[in-house]
Structure formats: structure tokens, C-alpha cells
Amino acid sequence: MSLPRPVETLWNELQAVRAKVLKEVEGLSQRQADWKPGEKDWSVGEILDHLTIAEIATGKLTTKLVREAEAAGALAPFPADLVAFTPLPSGPPGTADAPQVVWPGHGKPIGEVVATMKAARERSRQSIERLASVDPRPLRFKHFRLGDLDLAQWWQLQAWHDGLHLDQIREVKRAPGFPTL
């Protein structure tokens, strides 16, 4: 399916940052994937699991918002004149704990975590194609920290989120004591 330019740009951003995440974890042993720099820190495996859970949630949100708008007779097609999405709002300063609904599991086999992450991205393509067929601006849902976001912003958040956790993965791998094998 050919995507409108802003959706194609968003998809390319999603794919680029995910490729970096997958490259960063390529070849990690289970011991490395499970290792935590500190008691309250997440392991690389947990970070990947968290990213996957969050992406699946965004896909489910896409389905929910589109179905609700369709049922209400308020679903509009993607506007031909929409050339760029509204940027994400700035959040409050500082870090935030993830909502419990997207907390990761610990000790999952790293190969399984990576495979699940890749499968989730394949399913996300369907959500992106759905996004490409509707006007995302009136499809809104409140984010726990950023407030009211439209559907395109939720997917922009996913790309930003991957980038944030890519940095976190790199920090874990650079931390003193990270296993060599």
C-alpha cells in the first residue's frame, strides 16, 4: 500500500530506530540480556519486552479509536492536504516511571523477546496502513504524561520511545560489570 507522505515519513522513522535497537542487541547472550546495572534498573531484555508491550498497546489503541469513530459515523478519510503531523508536545521535565500496564517481564529468552518484537512490528504495519486511511487528528486519547494525543502522535511517540530506550540499552551495555559473554 502506498502511504501518504507524512505516514511514510513516520513509518520510516519507526523502522530506522527499530533497526538500531535490533542492531544494538544482536548477538547478546542470555546472561547479558538479563543483567541489570542496579536493583531498580531494567535489563536489556526487559527494555525490549517493554518496547514491544508499548507498541502492541499503540496498535490496539489504533483499532479502538478507528472503530469508535466509525461506529459514531465520524471517521474521515486521510486529508490530501495534510503534509505533516502535529509534533509531540513537550512533557514535564524529568523521567517518569512506565505505567504498570507496560512493565516488562524478567528472564524471558532473548531470542523469543526479539522474535516477538519483530512480529509486533509486522502487525504494526497494518496499524500504520489504517492510520494512512483516516484523518488521525480527531482520533484522540489521553497519554498519562503528555496529555491528549491524536493517533499520529501516538505513533510518533512510539518512534521517540524506541529512541529513548535505545540510549538506555547502550547505557546498560556500557555500565561497569556488564558481562562479556
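Among (1) open to solvent by 60 Å² or more (accessible area, probe 1.4 Å); (2) within 16 Å of the chain's Cα centre (by Cα); (3) β-branched (Val, Ile, Thr), where does Thr95 come up short?
With respect to (1) open to solvent by 60 Å² or more (accessible area, probe 1.4 Å); (2) within 16 Å of the chain's Cα centre (by Cα); (3) β-branched (Val, Ile, Thr), Thr95 is out only on (2).
Being at pLDDT below 95 and touching a His at 6+ places or on another chain (Cβ under 9 Å) narrows it down to one residue among Gly91, Gly105; which is it?
It is Gly91.
For segment 103-136, name all the residues that are among the hydrophobic types (A, V, I, L, M, F, W, C), outside any loop (DSSP other than H, G, I, E, B) and either open to solvent by 50 Å² or more (accessible area, probe 1.4 Å) or closer than 15 Å to Ser43 by Cα (or both). Before the answer, list the steps.
Quick first cut of segment 103-136, residues among the hydrophobic types (A, V, I, L, M, F, W, C) only: 103, 110, 113-115, 117, 119-120, 128, 131-132, 134.
Applying the additional criterion that residues be outside any loop (DSSP other than H, G, I, E, B) yields 110, 113-115, 117, 119-120, 128, 131, 134.
Ile110, Val113, Val114, Ala115 - these are the residues of segment 103-136 that are among the hydrophobic types (A, V, I, L, M, F, W, C), outside any loop (DSSP other than H, G, I, E, B) and either open to solvent by 50 Å² or more (accessible area, probe 1.4 Å) or closer than 15 Å to Ser43 by Cα (or both).
Run down Ala175, Ala98 and say which single residue is of a type outside the set (Ser, Thr, Tyr) and modelled with pLDDT of 95 or more. Outline the logic, then answer.
On the way: Ala98 fails: modelled with pLDDT of 95 or more.
It is Ala175.
So the check is Cβ under 6 Å with 6+ separation or different chains; which pairs have a first residue in segment 138-154 that's touching a residue at least 60 places away in the same chain (Cβ under 8 Å) and open to solvent by less than 10 Å² (accessible area, probe 1.4 Å) and a second one that's among the charged types (D, E, K, R) and part of a loop (DSSP other than H, G, I, E, B)?
Pairs that qualify, where the first residue is touching a residue at least 60 places away in the same chain (Cβ under 8 Å) and open to solvent by less than 10 Å² (accessible area, probe 1.4 Å) and the partner is among the charged types (D, E, K, R) and part of a loop (DSSP other than H, G, I, E, B), are Asp150/Arg137.
Just checking, how many residues over segment 16-59 are free of Cβ contacts under 8 Å to residues at least 40 places away in the same chain, assigned to a helix (DSSP H, G or I) and of a type outside the set (Gly, Ala, Ser)?
Residues flagged as free of Cβ contacts under 8 Å to residues at least 40 places away in the same chain, assigned to a helix (DSSP H, G or I) and of a type outside the set (Gly, Ala, Ser) within segment 16-59 amount to 1.
Could you give me the residue pairs with C-beta distances under 9 Å whose first residue belongs to segment 99-124 and is over 25 Å from His143 (Cα atoms) and in contact (Cβ under 8 Å) with a residue 40 or more places away in the chain, whose second residue is polar (S, T, N, Q) and assigned to a helix (DSSP H, G or I) wherever it lies, and which are 6+ apart or on separate chains?
Gly107/Gln30; Lys108/Thr116; Pro109/Gln30; Ile110/Gln30; Ile110/Gln32; Val113/Thr52
Identify, please: which residue in segment 28-59 is touching a Phe, Trp or Tyr at 6+ places or on another chain (Cβ under 7 Å) and hydroxyl-bearing (Ser, Thr, Tyr) and is, among those, surrounded by the most Cβ atoms within 10 Å (Cβ to Cβ)?
Ser43
I'd like the residue in segment 60-76 that is assigned to a loop (DSSP other than H, G, I, E, B) and at negative phi and, out of all such residues, is surrounded by the fewest Cβ atoms within 10 Å (Cβ to Cβ).
So in segment 60-76, the residues assigned to a loop (DSSP other than H, G, I, E, B) come out as 72-76.
Subsequent filtering for residues that are at negative phi retains 72, 74-76.
On the way: Ala72: 8, Ala74: 11, Leu75: 17, Ala76: 12.
Checked segment 60-76; the qualifying residue surrounded by the fewest Cβ atoms within 10 Å (Cβ to Cβ) is Ala72.
The values are calculated or read from the model by the stated rules, or taken from the named source; none is laboratory data. Only a predicted model underlies this, so the values are computations on that prediction, with no experimental measurement involved. Using ideal geometry, Cβ is built from the backbone for each residue, glycine included, and neighbour counts are taken over all protein chains shown. Ligands, DNA and RNA are excluded from the accessible area calculation, which covers all protein heavy atoms including side chains. Shrake-Rupley method; radii C 1.70, N 1.55, O 1.52, S 1.80 Å.
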